[in-house]
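Down below is the structure, laid out as structure tokens.
The values are calculated or read from the model by the stated rules, or taken from the named source; none is laboratory data. The model shown is predicted, which means the values in this text are computed figures rather than measured ones. Here the Cβ positions follow ideal geometry from the backbone for every residue, glycine too, while neighbour counts run over all protein chains shown.
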Amino acid sequence: MQKATDRKRGMLRLVKSSNPDSERKPMTDSEKYYKQVEQYAEQIRSTKNADEIIKILDVVLSETRGIKFSDEAFAAQEQVKRAEQKIESLKNEIEQLRSLVQTDQMTGAFNRRGLDDIFRREAARADRNAQSLGVVMVDLDDFKKINDCLGHPCGDNVLINLVAVAKETLRPTDVVVRFGGEEFVILLPDVEMDEALTIVQRIQNNLAKSTALSLEDQLMPITFSAGIALRSFGENQHSVISRADKALYQAKRMGKNRAIPSMAS
């Protein structure tokens, strides 16, 4: 008798109330989640900045890991795990794509697209912390002669070796960018001019020690000329690179294989 009563009570609990107000269910967690995801999707569609997209995906991933859906359709944790995996996979793919888009594939240095993002970030940090930002324009000496006499594969190896030596010599916070051809830009956060000159001269010395080419029966050391500018507060990328470039050509006119500081803007 007791069991029958219990069954009846169980059945009664499954009957919906006829009260119209009771049918106005509050929005379930999953419905809220879907609306939030749609908002994030709209943000992603409206931005072309990979860093911003990754930040949005991090938020979505965090919320996905923390949700506890109220409706039975999402009660299974396996579905939540699959959503996490898909978001994580998408984030990794975007990070890899960003790396490919911002990197010179031959040398492994950043390219000009990467320079734009990095300069923007480092300039903002320099202004925020009242710090300097050193910008170095580098141009390999007699590079056309190397290509013409020894071939482009040899020239490519010279470029690759320059980047490798620079990365080994520089601090972890410094950045190497292939600006075009045999020209490179090096960003040196939080340095004074004498420090920047010392760093560049160290790269020159290490490069000369690392390799030399046999050209016209003579050993030819690999050298480069450089111009160095310290960014002023609020100075834009074009302006400071232009100043470093002028100093670079002064170094070329003075006999190459040297680094010349730029006058302040």
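Overview of values
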{"quantity": "Yes/no for V138 being touching a Leu at 6+ places or on another chain (Cβ under 6 Å), part of a strand (DSSP E or B) and crowded, with 21+ Cβ neighbours inside 10 Å", "calculated": "no"}
{"quantity": "For K144: the one exception among (1) crowded, with 18+ Cβ neighbours inside 10 Å; (2) modelled with pLDDT under 95", "calculated": "(1)"}
{"quantity": "Residue count for segment 148-186, restricted to those that are within 20 Å of A247 (Cα to Cα) and touching a Gly at 6+ places or on another chain (Cβ under 7 Å)", "calculated": "1"}
{"quantity": "Segment 114-135 - residue that is at pLDDT below 95 and under 20 Å from A164 (Cα atoms) and, of those, surrounded by the fewest Cβ atoms within 10 Å (Cβ to Cβ)", "calculated": "I118"}
{"quantity": "Criterion violated by N161 - all others in (1) surrounded by fewer than 21 Cβ atoms within 10 Å (Cβ to Cβ); (2) under 19 Å from the mean Cα position of the chain (by Cα) satisfied", "calculated": "(2)"}
{"quantity": "Scope segment 210-233; condition modelled with pLDDT under 75 and among the hydroxyl-bearing types (S, T, Y); matching residues", "calculated": "S214"}
{"quantity": "Criterion violated by Q201 - all others in (1) surrounded by fewer than 16 Cβ atoms within 10 Å (Cβ to Cβ); (2) more than 29 Å from the chain's Cα centre (by Cα) satisfied", "calculated": "(2)"}
